[in-house]
């Protein structure tokens, strides 16, 4: 039996490093790739009216549960309304201080990327209308839906009908994304 040489040990070490680098690259790619299918859950102030406009063909699919949706949209009349949603307010942090109209929380995990899109309807001029119990006009609903689509597709949607307010994107990683059983 022949003895192993130093060259063999170097080759094995390089092979192991190559395999580890490949595994790290695959895990990173998986973490930043959105989970399929792309479904959306809308909740919050004016959610019924926005959902009616958002979930039209060829729009996204409606998710029944917010915990397993690939994109969760939460609409508030003003940022102060997040005080009741402590988990979301903690994730949002200082980004929800009123400067941005839309805050996008990208949530990479080992089994795929999800998003939480927080929309301040006051930046669109709809906060006072909802306070008064009035429905949002179609023009404002179209602008909010375009803002949601822009956030959901990482800015790859051309906005033509209105100006979408400034948005802030935050990265909030987590270990695992819940999926339906």
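Values quoted throughout were computed directly from the atomic coordinates according to the rules given, and no laboratory measurement underlies them. Note that the structure is predicted; figures quoted are calculated from it, not measured. With ideal geometry, Cβ positions are generated from the backbone for all residues, glycine too; neighbour counts draw on all protein chains shown.
Using only helices, what value at 222 nm comes out for the chain when you add -39,500 (n - 2.57) per DSSP H run of length 4 or more and divide by the total residues, to the nearest 500 deg cm²/dmol? Don't skip to the end; give the middle numbers.
Details: 5 runs with 62 residues, N = 181.
Per the formula, -10500 deg cm²/dmol.
Estimated at 0.36 nm per residue, the fully extended path between residue 142 and residue 89 surpasses their Cα-Cα distance by 16.5 nm. When DSSP beta bridges are restricted to pairs lying wholly in the chain, around 30% turn out antiparallel. Taking only the Cα atoms of the stretch 39-171, the radius of gyration and Dmax are 13.7, 44 Å.
Annotation for residue 134 and residue 169: the two label points, set 7 Å from Cα along the Cα-Cβ direction, are 3.6 nm apart.
By the count of neighbouring beta-carbon atoms within 10 Å, fewest first, 77, 172, 90 end up ordered 90, 172, 77.
Across the stretch 43-140, the mean sequence separation of Cα contacts (distance under 8 Å, 6 or more residues apart), normalised by length, yields a relative contact order of 30 percent. Structural descriptor for the chain: relative contact order 24 percent, calculated from alpha carbon pairs under 8 angstrom and at least 6 residues apart.
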